[in-house]
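Here's the structure we're looking at; comments come further down.
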Amino acid sequence: MDFSGPDAIDKAIEVGLDLDGSPIPSAMLNLYKEVMDKENARKRSGVKKSMRNRIVKTGSKHFEKDTLNSLLIDAGWDGLRPKEIDFFYN
């Protein structure tokens, strides 16, 4: 099975396999499902806030701090917050 692209992790979880093809233990799958079911039931606070959170989380893997900060500001969001810098860059 091809596990590439942005939904690779979800596809792998769905079939119960890690990206290397090894099985994911059922206890891990069950706990993941339980937590995700709770998350799916949680009321959302807004699309733009969620978009920004995803950009910060993923963007911190691909951009250095000052670049991501500038990209956020240029797009109309607040720049990186101190707690985000501490978490993702320290």
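The values are calculated or read from the model by the stated rules, or taken from the named source; none is laboratory data. The model shown is predicted, which means the values in this text are computed figures rather than measured ones. So basically every Cβ, Gly included, is an ideal-geometry build from the backbone, and we count neighbours across all protein chains shown.
Remark: pairs (first residue in region 60-86, over 18 Å from SER50 (Cα atoms); second residue of a type outside the set (Asp, Glu); Cβ separation under 7 Å; 6+ apart in sequence or on different chains) = PHE63/LEU71; LYS65/LEU80; LYS65/ILE85; LYS65/TYR89. Within region 1-29, which residues are small (Gly, Ala, Ser) and within 20 Å of ARG54 (Cβ to Cβ)? SER4, GLY5, ALA8, ALA12 - these are the residues of region 1-29 that are small (Gly, Ala, Ser) and within 20 Å of ARG54 (Cβ to Cβ). Cβ separations smaller than 6 Å between residues 6+ apart or across chains give the following pairs from region 36-54 residues that are under 24 Å from LEU68 (Cα atoms) to residues that are of a type in the set (A, V, I, L, M, F, W, C) and outside any helix (DSSP H, G or I): ARG52/TRP77.
If only residues of region 37-77 that are assigned to a loop (DSSP other than H, G, I, E, B) and on the phi < 0 side of the Ramachandran plot are counted, the one that is surrounded by the fewest Cβ atoms within 10 Å (Cβ to Cβ) is LYS43.
I'd like to know if region 60-78 contains one or more residues that are under 17 Å from the mean Cα position of the chain (by Cα), at pLDDT 95 or above and among the hydroxyl-bearing types (Ser, Thr, Tyr). Yes.
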